[in-house]
1. Residue-wise, which Karplus ³J(HN,Hα) couplings in Hz belong to the stretch 79-84, taking 6.51 cos²θ - 1.76 cosθ + 1.60, θ = phi - 60°, and x for glycine or proline?
2. Going highest first, how would you order 44-53, 104-113 by mean Cβ packing within 10 Å?
3. Could you tell me the calculated FRET efficiency between TRP28 and LYS86, based on Cβ-Cβ distance and R0 = 41 angstrom, to the nearest 0.05?
4. Counting each DSSP H run of 4 or more residues in the chain as -39500 (n - 2.57), what helix-only mean residue ellipticity at 222 nm follows after dividing by all residues, to the nearest 500 deg cm²/dmol?
5. Once the piece of chain linking VAL157 and GLN139 is laid out straight, how much longer is it, given 0.36 nm per residue of separation minus the C-alpha distance between them?
6. Apply the Karplus parameterisation 6.51 cos²θ - 1.76 cosθ + 1.60, with θ equal to phi minus 60°, to every residue of the stretch 13-30 and state each ³J(HN,Hα) to the nearest whole Hz, in sequence, with x for glycine and proline.
7. What full-extension length gain, to one decimal in nm, is calculated for ASP120 and ALA21 as 0.36 nm per residue of separation minus the Cα-Cα distance?
8. Once you list every other residue whose beta carbon is under 14 Å from the beta carbon of HIS144, what net charge do they have if Lys and Arg are +1 and Asp and Glu are -1?
Amino acid sequence: MVDSQVVLWGQTIAYTCYALAIILLIGWFGFKITRQGKNESKAPTRLFYSFVCVLIVAGVSLHIITFNTIPWASMDINRSEIKADKVFDIQVVNHKFILPADKLIIHVGEKALFKVTSADLTYGFGLFRANNSMVFQMQVVPGHMNDVLWQFDKPGVYSIRSTEYSGPKGAQMIVPDAVEVVENK
């Protein structure tokens, strides 16, 4: 599975270039039609709409191309056919994560299923890297199935945090170094 940071970086560059092209086109057209002077200085509408069509095709193509780069897309589409290597049942009660062990150990390449249930409020469940960037997150709603399947491709230590507002105590819902991904022996 591709690291979400790599995907985010690539998509940031692609969509920034696309947005700048749109802004420049609209700015150019706006400048041309608001200019004082002779009629021939007005922007040709055929050229403008040709550029708009090119941008639409480019935008749709960009979405289609980047769809398959999202790391969890294929796993979610084929979810019924995938068996998790490890399943972690996690409960959230009274603004606290109750883990099945002090540290959840996963080997590189394993698919881990995090099944999180809430007994009282809506919480968030997010896995964060040491640099505080998020790997994934989901909303945990009481009375519903809340789970996320993830495959880890490199070793690391991750913390669990609530990513949903659940009152003032929710800001303290952090379990440092809760998940460790280790190399296969």
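1. Residue by residue, the stretch 79-84 yields 4, 5, 9, 9, 9, 6 Hz.
2. Descending mean neighbour count gives 104-113, 44-53.
3. E between TRP28 and LYS86, to the nearest 0.05, is 0.15.
4. Calculated mean residue ellipticity at 222 nm is -11000 deg cm²/dmol.
5. 4.3 nm
6. 5, 4, 6, 5, 4, 4, 5, 4, 4, 5, 4, 5, 4, 5, x, 4, 5, x
7. Full extension of this stretch gives 30.8 nm more.
8. That sum, taken over residues with Cβ under 14 Å, equals -2.
Every read-out reported here was derived from the displayed coordinates using simple, explicitly stated rules and does not represent laboratory data. Only a predicted model underlies this, so the values are computations on that prediction, with no experimental measurement involved. Ideal geometry is used to build each Cβ from the backbone, glycine not excepted, and the neighbour counts take in all protein chains shown.
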